[in-house]
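Take a look at the structure set out below.
Read-outs throughout are calculated quantities, based only on the coordinates presented, and are distinct from any laboratory measurement. Just so it is clear, the model here is predicted, and its values are computed rather than measured. Here the Cβ positions follow ideal geometry from the backbone for every residue, glycine too, while neighbour counts run over all protein chains shown.
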Amino acid sequence: MFGDSKKPKSSSAKVDTIIGQQTRIEGDVHFTGGLHVDGHIKGGILAEAGSASVLTVSEHGSIEGDVRVPTVILNGTVTGDVRSDDRIELAAKAAVNGDVYYNLIEMAMGAAVNGSLVHPSEKGSSVLSFERDSTEQGAGPD
């Protein structure tokens, strides 16, 4: 019952702010809640730390700057790194020219990422297991 009340908050795409297709913003955008971008933003997009904020970028929208938002739903273009603590959805027309740091990711056929896909636990565990394996193999023959 208590778990169900939290789930709609993160999966809900309630929009508090819309940046229209004919709008161009230069500078960083700080927000909480839902932000929908149809226009162009030249600057970073930053959600308040600890919030359940959602960024939605339509196929007409574009961002030139880094994105740090818990939930990102992308069908437009981002030129910069995208960081999400919760989840990222890349729709068919999504294009990211930068690295994508994610917890959960969903990519539709046609989505493009020109950069690295980085999952924090995979990065840490693969380095640790590689070092452990090298140490164990090196210790045996000596």
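Given H placed 1.01 Å from N in the peptide plane, which residues other than close sequence neighbours of Ile45 have an amide H under 5 Å from its amide H?
Those qualifying (amide H under 5 Å, at least 5 residues apart or on another chain) are Val29, Asp66, Val67, Arg68.
Taking amide H positions as placed in the peptide plane 1.01 Å from N, state which residues far from Gly34 in sequence (5 or more) or on other chains have amide H under 5 Å from it.
Distant-sequence amide H within range of Gly34: Asp16, Thr17, Val54.
Counting only other residues whose beta carbon sits under 14 Å from that of Glu89, what net charge do I get with K and R as +1, D and E as -1?
On the way: positive: Arg87, Lys93; negative: Glu59, Asp86, Glu106.
Local charge sum for Glu89: -1.
Where does the charge balance sit around Phe31 when Lys and Arg score +1, Asp and Glu -1, over other residues with C-beta under 14 Å from its C-beta?
Once all neighbours under 14 Å are counted, the net charge is -1.
What is the distance, in nm, between label points placed 7 Å from the Cα along the Cα-to-Cβ direction at Ser116 and at Ala49?
Modelled inter-label distance: 2.4 nm.
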